[in-house]
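Okay, so here's the structure we're looking at.
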Amino acid sequence: MVDKSSKPGWLPPKWIRRAAWKFHRGLYRVTGGRLGLWRPKPGGWGALRLTAIGRRSGEERSVMLGYFEDGPDYITLAMNGWMEGEPAWWLNLQTNPEASVVVKGGEPQRIRARAAEGEERDRLWARWQEIDKDLDGWAAQRSTGAAVVMLQVLGVG
C-alpha cells in the first residue's frame, strides 16, 4: 500500500512530461517500431505499446507504458504521470478491457486488463517498489492511489 508519509520526488512540469510522451510515441512511429520499446532488465522496467478502443470515440488509441512481467502477464501502473486523475488509457480499458500490446521483438498480443486487488495488488506494488525505490514518494503526490493494472495475455494476434 502507498506510504503517504514518504517524501514526494521532484516531477518536471506537466508540459515537459506531455512533450516526453509525445516524443516517445513519435520515435516509435517514425522508426517503424525499431525504437521506443524495450524489455525489462533485472531490477528495471520495460516499455510496451498498448492499443485500446477509446471509450467515447470508438477508435483505436495507443500509448507507451512502463511494465514488468509477472509470469505470462504484463503489469503496469495507472499513474497518469503522477498527476491527478486516471489516465485516459485506463478509463478506456475499464470500458472495454480487451486490447492489444506489443513488446520489443514480439508480435501483437491480445490482452484483457483488470485492476489487481488485495494481496495480489500488495505483491505487485512491492515488485514495483523493488524497481523504483521512490515509488511511494511519487504516489504520495496524488490524492488517490494508482491502480496496479494486470494485462493478462489471451493470445497472439
Legend entry - All strands (runs of 3 or more DSSP E) inside segment 29-101 with 3 or more residues being in contact with a Lys or Arg (Cβ under 8 Å, 6 or more places away or on another chain): 46-53, 60-70
Inset, instruction - Output the qualifying pairs, or none if there are none: Cβ atoms under 9 angstrom, residues six or more apart or on different chains, first residue in segment 93-110 and within 22 Å of G33 (Cβ to Cβ), second residue aliphatic (A, V, I, L, M) and assigned to a helix (DSSP H, G or I). - result: A99/L93
Inset, instruction - Take G118 and decide whether it is of a type in the set (G, A, S) and modelled with pLDDT under 90. - result: no
Legend entry - Within segment 21-75, tally of residues that are of a type in the set (D, E) and under 29 Å from E130 (Cβ atoms): 3
Legend entry - Single match in M150, M64 (criterion: surrounded by 15 or more Cβ atoms within 10 Å (Cβ to Cβ), touching a His at 6+ places or on another chain (Cβ under 7 Å), closer than 23 Å to H24 by Cβ and touching a residue at least 12 places away in the same chain (Cβ under 8 Å)): M64
Inset, instruction - Tell me, yes or no, whether segment 116-126 has at least one residue that is free of Cβ contacts under 8 Å to residues at least 40 places away in the same chain and under 22 Å from W21 (Cα atoms). - result: no
Inset, instruction - Tell me, yes or no, whether segment 127-145 has at least one residue that is among the hydrophobic types (A, V, I, L, M, F, W, C), over 13 Å from the mean Cα position of the chain (by Cα) and farther than 16 Å from L65 by Cβ. - result: yes
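I want to confirm something. Restricting to segment 24-63 and keeping residues that are under 16 Å from P97 (Cβ atoms) and of a type in the set (D, E, K, R), which single residue is nearest to the chain's Cα centre (by Cα)?
Result: R61.
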Inset, instruction - Take segment 127-138 and flag every residue that is touching a residue at least 40 places away in the same chain (Cβ under 8 Å) and either basic (K, R) or assigned to a helix (DSSP H, G or I) (or both). - result: R127, W128, E130, I131, D136, G137, W138
Legend entry - Residue check for L77: surrounded by fewer than 16 Cβ atoms within 10 Å (Cβ to Cβ), hydrophobic (A, V, I, L, M, F, W, C) and at pLDDT 85 or above: no
Inset, instruction - Can you work out which of the residues in segment 80-103 that are aromatic (F, W, Y) and modelled with pLDDT of 95 or more is nearest to G54 (Cα to Cα)? - result: W89
Legend entry - Sole exception among (1) assigned to a helix (DSSP H, G or I); (2) farther than 24 Å from L37 by Cβ; (3) touching a helix residue (DSSP H, G or I) at 6+ places or on another chain (Cβ under 9 Å) for Q141, by number: (1)
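The values are calculated or read from the model by the stated rules, or taken from the named source; none is laboratory data. The structure presented is a predicted model; accordingly, all values stated were derived computationally and were not measured. We place every Cβ from the backbone using ideal geometry, glycine too, and count neighbours over all the protein chains shown.
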